[in-house]
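The values are calculated or read from the model by the stated rules, or taken from the named source; none is laboratory data. All values reported here derive from a predicted model rather than from experimental measurement. Ideal geometry is used to build each Cβ from the backbone, glycine not excepted, and the neighbour counts take in all protein chains shown. Surface accessibility is based on the protein's heavy atoms, side chains included, excluding ligands, DNA and RNA. Shrake-Rupley method; radii C 1.70, N 1.55, O 1.52, S 1.80 Å.
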Amino acid sequence: DNRQFSALKAGFGKLAERYKDDRISETVLNNLAVISRATSFAELYREIGFEYIIEPRGSLDQFADQSFDCILSMHVLEHVPTEYVTDLVRNMYRTLKPGKYTIHQIGIDDHLAHYDRKASQKQYLQYSDRTWKNLFENRVQYFNRLQMSEWLDAFRNAGFILEEKLVEATDIANLKVAARFADYSQEDLSCTILTLVYRKP
């Protein structure tokens, strides 16, 4: 939840509106009502029976096989250090129940461009790994620079079945791309936001 309570409430408020006329379970409707009434994360988690767990590496090792009905994240995976991604996705597969879904929206854009609207959303493509690490990478605003194809590979290699992929993109025609990204497709490099829905068989 990234501790952004107002964003969480707004997102689930949109979901509640969308499902207003649909047939969905009473449990879901009740949970959406709890979210709309809650005034804090502590209250919300207590009412729904959630537990907030902080694990510095994002590891799921502490959870048993087939523990979860759904695993989702919203603009989180891009902040996971590259060396932990494969293990994290494999653990998502391990802890998800068969037939259930994992859903992720990944911000593949240059997060530093959020502070300079004149900068390209894919500005970081200009820099080698060495330059990026020395001049821009930091622990406060870390993002891993993994591209769409790398995320697709990680989930496929873990055994997931892709159900849906939504791509938001930007024009990178005037951007000089560093040799480190030379072998990626134009579609791959122009992706700024990637939404993935996977199912565990």
N174 versus (1) outside any loop (DSSP other than H, G, I, E, B); (2) farther than 30 Å from Q66 by Cα; (3) not acidic (D, E): which is the lone unmet condition? (1)
Residue among S40, S25 that is open to solvent by 50 Å² or more (accessible area, probe 1.4 Å) and free of Cβ contacts under 8 Å to residues at least 60 places away in the same chain: S25
Hey, could you check the stretch 118-165 for residues that are more than 16 Å from T195 (Cβ to Cβ), of a type in the set (A, V, I, L, M) and in a helix (DSSP H, G or I) and say which is least open to solvent (accessible area, probe 1.4 Å)? L125
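Condition check ((1) modelled with pLDDT of 80 or more; (2) in a loop (DSSP other than H, G, I, E, B)) across all residues:
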| residue | (1), (2) |
| --- | --- |
| I24 | no, yes |
| D61 | yes, yes |
| L72 | yes, no |
| E83 | yes, no |
Take the conditions loosely packed, with under 13 Cβ neighbours inside 10 Å and in contact with a strand residue (DSSP E or B) (Cβ under 9 Å, 6 or more places away or on another chain) and apply them to E168. Does it pass? no
Every listed condition ((1) in contact with a Ser or Thr (Cβ under 9 Å, 6 or more places away or on another chain); (2) among the polar types (S, T, N, Q); (3) without any contact (Cβ under 8 Å) to a residue 24 or more places away in the chain) holds for S190 save (3)
Any residue at all in the stretch 49-57 that is in contact with a helix residue (DSSP H, G or I) (Cβ under 6 Å, 6 or more places away or on another chain), under 22 Å from Y198 (Cβ atoms), open to solvent by 60 Å² or more (accessible area, probe 1.4 Å) and at pLDDT below 90? yes
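Would you please name the residue that is nearest to T95 (Cα to Cα), looking only at residues in the stretch 171-201 that are charged (D, E, K, R) and open to solvent by less than 30 Å² (accessible area, probe 1.4 Å)? Reasoning before the result, please.
Applying the first criterion (charged (D, E, K, R)) to the stretch 171-201 yields 171, 176, 180, 183, 187-188, 199-200.
Within this subset, residues satisfying the condition of being open to solvent by less than 30 Å² (accessible area, probe 1.4 Å) are 188, 200.
On the way: D188: 29, K200: 10 Å.
Checked the stretch 171-201; the qualifying residue nearest to T95 (Cα to Cα) is K200.
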Quick one: is L8 open to solvent by less than 60 Å² (accessible area, probe 1.4 Å), assigned to a helix (DSSP H, G or I) and touching a residue at least 24 places away in the same chain (Cβ under 8 Å)? yes
